[in-house]
Amino acid sequence: MSRFVLITPNTDFDQRLRQAVAGGLPGSVQTFFTSVLPADPAELFGALNQEQLEVLILGPDVPVEDALRLATVLDVQLPELSVILVSELDPGFVLQAMRSGIRDIMSPAADVAQIRVMLERACQSFASRQRTMEPKQPGSPKGLVIGVFSPKGGVGKTTIATNIAVGLGKIAPMGVVIVDLDLQFGDVASGLYLNPEHTVTDAVTPSASQDSLVLKAFLTVHPASIYALCAPKDPVEADEISPEQVGRLLEQLAQEFQYVVVDTAPGLPEIGLAALEQCSDAVWVTGMDVPSVRGLRSGLDILRKLNLLPETRHVVLNMADSKSGLSVQDVESTVGAPVDVSIPRSKAVAFSTNRGIPVLQEAVKDPAVKGLKQLVERFNPTWRATAQRKMHRRVVV
Ligand SMILES: Nc1ncnc2c1ncn2[C@@H]1O[C@H](COP(=O)(O)OP(=O)(O)O)[C@@H](O)[C@H]1O
Ligand SMILES: [Mg+2]
């Protein structure tokens, strides 16, 4: 359970914060209506009810110096706690606030949705700090790393990756990150209508690769309760990112998130192979045309020879179309593996790419939605627990 404590004399902000929590965050809010902050955290703890405190929100309308002083003490006594300062802070002060142990700064004018995103992030970072402070069990659970691959471009990898991420966001809110490893021409940002401040370039810097909290500061929050790490804005930067850095990045993210969804560039470039090595699951996408089906066949053959195929495979036939001149059986016999999920060609999908809103984000009624939901379900722990036999059951088209 999340537990929020707010200290402020501002009743209007208290109302907004309560609405933000009521809109879907577990746990309750306890407010102290005062502008006087306790000098000693013990005073605060004495006044709390039993639930564990995860996020402490200071302000609006409390003295900033007092807030920083309290944050400094808490940073030592209760380092996993997330302290948020609500203040119109002079930019020159931000660094000082962060050094004092303030984890985030919120504008007093923030609306309910903005408050909710920030509280979610604060809970998430509480959980991850708590996890890092617990002694790591050997073989502690790692998230699934789901890579979406195809030898050919334009078959729907990005469409499928963004929909998997958005779909999984419903199973594990804030427990999903999508990473765009089509480093040169990636379009996850456009597919999710994001304008990211930071990209993979920042996420592979030494400071981020040594500290997962720094890494997480470079992720972009998406309204479907998922995180995104988008491709560099300038394709030139892609050349400076090495396969080793990509491997390390995915390893780190898998420690922090239940699901890491990876979109890739067409073919089997070095970066893609480095990603494949970290994948627990590979989603292989083919269209319903001869070049794309043959391409998948030879791609899988090469990887099999190199012993690079991840344990769990999902073959997706995208843009399935009964008028293409090929049948599902033709596709299966050429690929040499059963088709696990079939997604029909759909206008709603093409339209969703242009709007930057994946079809699984909205309640769109469309045959493609059914296929995409089936695919997402394959990563649901309850489905997997019973799936050994039906993992590759033939799809009916
Ligand atoms: N099932 C589908 N029906 C119709 N259009 C689709 C479908 N899947 C993908 N598309 C469209 O095909 C184009 C290429 O898809 P994209 O996901 O970018 O492919 P890739 O990442 O493999 O290059 C996009 O415009 C997308 O909207
Ligand atoms: Mg793509």
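Please treat every number below as a calculation from the coordinates, not as lab data. Small disclaimer: the values here were computed from a predicted structure and weren't measured. FYI the Cβ positions are ideal-geometry reconstructions off the backbone, even for glycines, and counts take in every protein chain you see.
Among all the lysines, which ones have a C-alpha under 20 Å from Lys142's C-alpha, if same-chain residues fewer than 8 places away are not counted? Straight-distance partners of Lys142: Lys170, Lys216. The loop-placed trypsin sites (Lys or Arg not before Pro) in segment 261-356, going by DSSP, that have at most 10 neighbouring Cβ atoms within 10 Å of their Cβ come out as Lys323.
Residue exposure proxy: Trp383, Trp284, ordered by other Cβ atoms within 10 angstrom of their Cβ from fewest to most, comes out as Trp383, Trp284.
Give the calculated FRET efficiency between Asp40 and Ser333 to the nearest 0.05, with a Förster radius of 56 Å applied to their Cβ-Cβ distance. The calculated FRET efficiency here is 0.15.
Taking 0.36 nm per residue of sequence separation and removing the Cα-Cα distance, the Arg384/Leu194 pair yields an extension gain of 65.3 nm.
Here segment 234-297 yields Rg over Rh of 1.03, to two decimals, using C-alpha coordinates and the Kirkwood radius. The Stokes-Einstein estimate for the chain, based on a Kirkwood radius over Cα pairs and taken at 37 °C with 0.692 mPa s viscosity, is a diffusion coefficient of 145 µm²/s.
When the alpha carbon gyration tensor of segment 4-133 is reduced to an equivalent ellipsoid, its three semi-axes come out at 18, 18, 16 angstrom, largest first.
What ranking of Ser125, Ser28 emerges when the number of other C-beta atoms within 10 Å of each C-beta is taken as an exposure proxy, fewest first?
Ascending Cβ contact count within 10 Å gives the list Ser28, Ser125.
Among the GluC sites (Glu not before Pro) within segment 213-260, those in coil by DSSP and having at most 11 neighbouring Cβ atoms inside 10 Å are Glu240.
Going by C-beta contacts inside 10 Å, put Ile146, Ile357 in order with the fewest on the left.
Ile357, Ile146
In terms of overall dimensions, segment 152-191 has a Cα radius of gyration and Dmax of 10.8, 32 angstrom. Each label was represented as a point 7 Å from its Cα along the Cα-to-Cβ direction; for Met98 and Asn307 these points are 4.4 nm apart. For the chain, the relative contact order is 15 percent, taking Cα pairs closer than 8 Å that sit 6 or more residues apart in sequence and dividing their mean separation by the residue count. Here the spin labels are modelled as points 7 Å beyond Cα on the Cα-Cβ line, and at Ala109 and Asp211 they lie 3.2 nm apart. Each of Glu270 and Gln30 was given a label point 7 Å from its Cα along the Cα-to-Cβ line. The distance between the two points is 5.5 nm. Could you tell me the center-to-center distance, by alpha carbons, between segment 1-63 and segment 276-345 in angstrom? Between the Cα centre of segment 1-63 and that of segment 276-345, the gap is 52 Å.
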